[in-house]
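Only one structure is covered here, and it is reproduced in the block below.
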Amino acid sequence: MTVARQGQLESLKRIEQLLIHLDAGNREELALFGFIVGALYALHKAIMFGYTDRGEDNWAELRQIAEKVSHQDEITEIDWLSGFYFNSAIMRLAAIGERMYKYAGKQRDITPHIRKEVNRLKHDVLGVASGRTVTMRDALDAALSLSCILAQIVSSTRSEENSSPV
């Protein structure tokens, strides 16, 4: 395992340690928690598959993957899988940022860089084939920021519940 990948996994582990002690107090917090756990899982898979920005997809490789999907075979193309999981992670991070601030009643974009990249994936014909602007470090930093904010939200909700008269 490379030093860079080991460092990424250590960053991810610190984020996960922050979250495992949270106790969602309502359905909304549980939904937020579940979504961020999904983003962390996708980041973990991307790291384990050795994610690097490889630029454009390869037509022959995509055909092989499509054939495997049609036959319900396991996909073994590691480069493609790493990008798949990275894209899943950043889409989840962008969404959790929006959901979190809706829940908290605020209008602030904590991950504008991530959101812009996700919008390119969703709306531009080329997606990110013209080059990525979000790195694994950016995604890990966003995951940490969002996890800290979620922890503050949950903590605040617990404090309000404990201070209200019974």
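The values are calculated or read from the model by the stated rules, or taken from the named source; none is laboratory data. The structure presented is a predicted model; accordingly, all values stated were derived computationally and were not measured. Every residue, glycine among them, receives a Cβ derived from its backbone with ideal geometry; neighbour counts consider all protein chains shown.
Summary of values
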{"item": "Output for segment 1-17, where each listed residue is at pLDDT 90 or above, farther than 19 Å from residue 90 by Cβ and of a type in the set (A, V, I, L, M, F, W, C)", "result": "3"}
{"item": "Segment 56-70, residues that are assigned to a helix (DSSP H, G or I) and either within 24 Å of the chain's Cα centre (by Cα) or of a type outside the set (Ser, Thr, Tyr) (or both)", "result": "59, 60, 61, 62, 63, 64, 65, 66, 67, 68, 69"}
{"item": "Single residue of 23, 109, 73, 53 found to be within 18 Å of the chain's Cα centre (by Cα) and more than 17 Å from residue 136 (Cα to Cα)", "result": "109"}
{"item": "Exclusive hit being within 15 Å of the chain's Cα centre (by Cα) and among the acidic types (Asp, Glu), set 98, 10, 28", "result": "98"}
{"item": "Search result, residues across segment 32-81 that are in contact with a Phe, Trp or Tyr (Cβ under 8 Å, 6 or more places away or on another chain) and of a type in the set (Gly, Ala, Ser)", "result": "42, 46"}
{"item": "Checking residue 50 against (1) out of contact with any Ser or Thr (no Cβ under 8 Å at 6 or more places or on another chain); (2) assigned to a loop (DSSP other than H, G, I, E, B); (3) surrounded by fewer than 16 Cβ atoms within 10 Å (Cβ to Cβ); (4) in contact (Cβ under 8 Å) with a residue 12 or more places away in the chain, the condition it does not meet", "result": "(1)"}
{"item": "Of all residues making up segment 3-27, the number that are assigned to a helix (DSSP H, G or I) and in contact (Cβ under 8 Å) with a residue 60 or more places away in the chain", "result": "7"}
{"item": "Qualifying positions in segment 107-132 - hydroxyl-bearing (Ser, Thr, Tyr) and in contact with a helix residue (DSSP H, G or I) (Cβ under 6 Å, 6 or more places away or on another chain)", "result": "111"}
{"item": "Residue check, residue 85 part of a helix (DSSP H, G or I), touching a Lys or Arg at 6+ places or on another chain (Cβ under 6 Å) and either polar (S, T, N, Q) or in contact (Cβ under 8 Å) with a residue 24 or more places away in the chain (or both)", "result": "yes"}
{"item": "Check on residue 49, modelled with pLDDT of 90 or more, farther than 30 Å from residue 131 by Cβ and of a type in the set (Phe, Trp, Tyr)", "result": "no"}
{"item": "Any hit, segment 100-117, residues being surrounded by fewer than 16 Cβ atoms within 10 Å (Cβ to Cβ), touching a Lys or Arg at 6+ places or on another chain (Cβ under 7 Å), on the phi > 0 side of the Ramachandran plot and modelled with pLDDT under 95", "result": "no"}
